[in-house]
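Written out below as structure tokens is the structure these notes cover.
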Amino acid sequence: MSGSTVDEKGDIYYLATPGWLSTTLPSAVYRIKNGTTIYDPNYFFNINTSSLAAPAIALWGIGGSQAIVKYQALPSDNSDAQHIYGYAVIDLANGKVIRKLTDVPLDKGEMLETVLVEGNNAYIMSNSLNGKDYIWIYDIANGTVNPGLEIAGGYDYMLRIDKLN
């Protein structure tokens, strides 16, 4: 799963997520400004204390200073078998949540590569608890989410989405 991205200014953003190693440390985004080799001491985006109020487990850059994060939307029983992970769009430069992608059903499994960004779209694969499984299409410019390709077959886990040339 992805955890870092570079914005249009060349700044590097990195998601640190303690996950199962710690129940008290937050997941947070750090920045290394372009032209430097150290973390920016003036930047710390604590995902746990943001409007998501939960840890993030993955981050995918979608252009500009925006990214999609996969976050723990519901409490966990530590089994990795629950549909508890949601997706949200964040503003990296300002350390803010733009919006939760509530149209995408909660996903299961945290160690998955479930977002692919190409052009003006982010493709989000979600394994739904109820209903059908889709690759959802997030239109980055318009901020809209729509179901795309339906994945039929009742899969237990969908591990990754990739583009083949």
Can you say whether Thr114 is among the polar types (S, T, N, Q), within 30 Å of Tyr43 (Cα to Cα) and buried (at least 16 other Cβ atoms within 10 Å of the Cβ), as far as the supplied structure shows? yes
Any chance Val89 is over 14 Å from the mean Cα position of the chain (by Cα), closer than 30 Å to Lys9 by Cα and in a strand (DSSP E or B): no
Restricted to the range 94-111 and to residues being part of a strand (DSSP E or B) and within 17 Å of Val145 (Cα to Cα), the residue least open to solvent (accessible area, probe 1.4 Å) is Asp107
May I ask you to list pairs of residues, at least six apart or on different chains, whose Cβ atoms are under 6 Å apart, with the first in the range 12-27 being within 15 Å of Ser2 (Cα to Cα) and open to solvent by less than 40 Å² (accessible area, probe 1.4 Å) and the second being basic (Lys, Arg) and modelled with pLDDT of 75 or more? Tyr13/Arg31
Quickly run through the range 51-61 and pick out the residues that are open to solvent by less than 20 Å² (accessible area, probe 1.4 Å) and in contact with a Lys or Arg (Cβ under 9 Å, 6 or more places away or on another chain). Leu52, Ala56, Ile57, Ala58, Leu59, Trp60
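Answer yes or no as to whether Asn142 is surrounded by fewer than 13 Cβ atoms within 10 Å (Cβ to Cβ), modelled with pLDDT of 95 or more and not in a loop (DSSP other than H, G, I, E, B). Spell out the reasoning first.
Details: surrounded by fewer than 13 Cβ atoms within 10 Å (Cβ to Cβ): yes; modelled with pLDDT of 95 or more: yes; not in a loop (DSSP other than H, G, I, E, B): no.
Against the criterion (surrounded by fewer than 13 Cβ atoms within 10 Å (Cβ to Cβ), modelled with pLDDT of 95 or more and not in a loop (DSSP other than H, G, I, E, B)), Asn142 does not qualify.
The values are calculated or read from the model by the stated rules, or taken from the named source; none is laboratory data. Computed from a predicted structure; not experimentally measured. Here Cβ is always computed from backbone atoms with ideal geometry, including for glycine, and neighbour counts include all displayed protein chains. Side chains are part of the model used for accessible areas, which takes the heavy atoms of the whole protein and leaves out ligands, DNA and RNA. Shrake-Rupley method; radii C 1.70, N 1.55, O 1.52, S 1.80 Å.
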